[in-house]
Amino acid sequence: QVQLVESGGGLVQAGGSLRLSCAASGITFNINVMGWFRQAPGKERELVAVISSTVGTNYADSVKGRFTISRDNAKNIVYLQMNSLKPEDTAVYYCKAVRRIRNYWGQGTQVTVSS
């Protein structure tokens, strides 16, 4: 089992920055992919960014150039640095880990960007 705990969400003005963290615990070896998804009210959950040791990083078009995903393998933490935030980035952000064929999710952290 893998447990994921997100932190770093909050309220920020448009143009500001936040850094989200996701700490993995439990059976963390062989976690192949970690990533961030988000879900805004009334919308489906969508991919924001993923990072993998085999394929590198991938970003949603809407965040390219503004968000950066990184991973500290020694600490089993994945980060999402979010710059130039926009009101449309407002959502609950979820961390996801893929270990072998199983998906694990965190509880989510709220990000609110005011205009």
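For a test of understanding, tell me how many lysine pairs in region 38-106 have Cα atoms under 21 Å apart, given they are 8 or more places apart or on different chains.
6
Please compute the net charge surrounding Leu20, taking Lys and Arg as +1 and Asp and Glu as -1 over other residues with Cβ under 12 Å from its Cβ.
0
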For the chain, accessible area per residue (1.4 Å probe, heavy atoms of protein chains only), Å²: 54
Counting DSSP beta bridges with both ends in the chain, the antiparallel % (nearest 5): 90
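In debye, nearest 20: dipole of the chain around its Cα centre with unit charges on the Cβ of K, R (+) and D, E (-)? Each step should come with its number before you reach the end.
Details: 13 positive and 7 negative charges, 56 e Å.
Charge dipole of the chain: 260 debye, to the nearest 20.
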With every protein chain in place, the chain: carbon and sulfur % of accessible area (1.4 Å): 49
Of the trypsin sites (Lys or Arg not before Pro) in region 20-96, those whose Cβ has at most 12 other Cβ within 10 Å and which sit in DSSP loop: Lys43, Lys64, Lys75
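The values are calculated or read from the model by the stated rules, or taken from the named source; none is laboratory data. Predicted, not measured: the structure shown is a model, and the values here were computed from it. Counting neighbours? That spans all protein chains shown, and the Cβs are built from the backbone with ideal geometry, glycine included. Keep in mind that these areas ignore ligands, DNA and RNA; they rest on the heavy atoms of the full protein, side chains included. Shrake-Rupley method; radii C 1.70, N 1.55, O 1.52, S 1.80 Å.
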